[in-house]
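The values are calculated or read from the model by the stated rules, or taken from the named source; none is laboratory data. Because the structure is predicted, anything quoted here is derived from the model rather than measured. With ideal geometry, Cβ positions are generated from the backbone for all residues, glycine too; neighbour counts draw on all protein chains shown.
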């Protein structure tokens, strides 16, 4: 309840200051969710759609705000990954450790190698994956992926996603609760699909590991 009240206060502030600090709050919320995924930046971005429907903002203006905030957040996440990557490069090798550790240099390099192979695709779909999109930019920075390439596909992803949100708002009209319900249903559906995908991947990993064990019978 406290979190919901906090978000409502932000929405009220944006509505009351739509010609002043409101746009700054929209940009900031789009940025923050890239470095602090629990922050519901998409809800505040969605509210920008509501202001477009009410005629307080133009469609291009709202699209520029949300996309600009997304790119700032993506850039910050990327450089956080560069900083983190420089430290993880010094991870000990499996031959240098005497006890089990969740992350070794070999495991870390395997993650980076897989990301380099499909990194462009991950960045291109990042806006459609709530909650985990920030991870992609951190890994992109750690893997030394080109910043220009990252920002190019991040821009395309953000433009498509934000345009869809704004289009959804225009089609639904000035019914904020209905607009929020539709978006919430989408977010819940994505989380369910991600959970199912995760369980399938874990199941396949256990299955392959079991098959790889020598048959003692």
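What to note about this one:
- Checked across the range 95-105, the condition of being farther than 30 Å from residue 67 by Cα, at pLDDT below 85 and not in a loop (DSSP other than H, G, I, E, B) holds for at least one residue.
- Test: residue in the range 110-126 that is touching a helix residue (DSSP H, G or I) at 6+ places or on another chain (Cβ under 6 Å), modelled with pLDDT of 80 or more and either outside any helix (DSSP H, G or I) or over 27 Å from residue 75 (Cα atoms) (or both): no
- Helices (runs of 4 or more DSSP H) fully within the range 12-90 that include at least 1 residues being over 29 Å from residue 116 (Cα atoms) and in contact (Cβ under 8 Å) with a residue 60 or more places away in the chain: 41-53, 59-88.
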